[in-house]
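The values are calculated or read from the model by the stated rules, or taken from the named source; none is laboratory data. It should be emphasised that the depicted structure is a prediction, and the values quoted were computed from it without experimental measurement. FYI the Cβ positions are ideal-geometry reconstructions off the backbone, even for glycines, and counts take in every protein chain you see. Ligands, DNA and RNA are stripped out before the accessible areas are found, and what is left, the full protein with its side chains, is counted by its heavy atoms. Shrake-Rupley method; radii C 1.70, N 1.55, O 1.52, S 1.80 Å.
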Amino acid sequence: MKNLFIILISALIFFSCKSNTDDVKVTDNKADDEIALQKELQKAVKYVSGRDSVSAYFNLPPGDGPFPALIVIHEWWGLNDWIRYNADAFANKGYAALAIDLYRGKSTKNSDEAHELMRGLPPDRVIKDLQSAYSFLQDNPKVDKKRIGVIGWCMG
């Protein structure tokens, strides 16, 4: 019985990671209109992680802030348009959203390649990148330093 439970949980985790990300989006009634109004506030940024420069997608809500913030961790597909769309949706809800790129510029729609990208991710580099993303948000004057969270999907 214990082995059956472990097999069922493993299958659930595996199939949830293989889902097609085009099927699910964070939306609300006005999201597309609000996203269009915020084009000037959206930007690609870089932050330092150890000796590396890491790219991310950063979106601030309109206004002066300070805003609560979220570190957005991508699925095993990488930092793609779906993750950027969700960062935009969080910004529309009043959060500063930093979607980090753990794969350093790589993304895919192929599940075998996604699996390899995830397997090749050094855990110590991930921790360093997350800590550096947190520091990036802490240093931004439009971010409420006491209200920084994290959200992710699948591997994130």
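Tell me, please, whether a residue that is without any contact (Cβ under 8 Å) to a residue 12 or more places away in the chain, of a type in the set (D, E, K, R) and farther than 16 Å from P61 by Cβ can be found in the stretch 125-141.
Yes, that holds for at least one residue.
Determine whether the stretch 112-125 contains at least one residue that is touching a helix residue (DSSP H, G or I) at 6+ places or on another chain (Cβ under 9 Å), open to solvent by less than 30 Å² (accessible area, probe 1.4 Å) and over 19 Å from K43 (Cβ atoms).
The answer is yes; a qualifying residue exists.
Got a sec? Which of R147, R84 is over 21 Å from S53 (Cα atoms) and either open to solvent by less than 30 Å² (accessible area, probe 1.4 Å) or in contact (Cβ under 8 Å) with a residue 24 or more places away in the chain (or both)?
From the options R147, R84, the qualifying one is R147.
On the given criteria, is R104 in a helix (DSSP H, G or I) and open to solvent by 20 Å² or more (accessible area, probe 1.4 Å)?
no
Would you be able to tell me the number of residues in the stretch 39-81 that are modelled with pLDDT under 90, open to solvent by less than 40 Å² (accessible area, probe 1.4 Å) and within 12 Å of A96 (Cβ to Cβ)?
So the answer is 3.
Take F90 and decide whether it is within 14 Å of the chain's Cα centre (by Cα), open to solvent by less than 10 Å² (accessible area, probe 1.4 Å) and over 26 Å from R119 (Cβ atoms).
Judged against the criteria, F90 is not a match.
I need every pair where a residue in the stretch 42-60 that is at positive phi has its Cβ under 7 Å from the Cβ of a residue that is among the charged types (D, E, K, R), sequence separation at least 6 or different chains.
G50/K128
Counting just the residues of the stretch 110-145 that are among the acidic types (D, E) and assigned to a helix (DSSP H, G or I), which one comes out nearest to A69 (Cα to Cα)?
Checking each candidate, the answer is D129.
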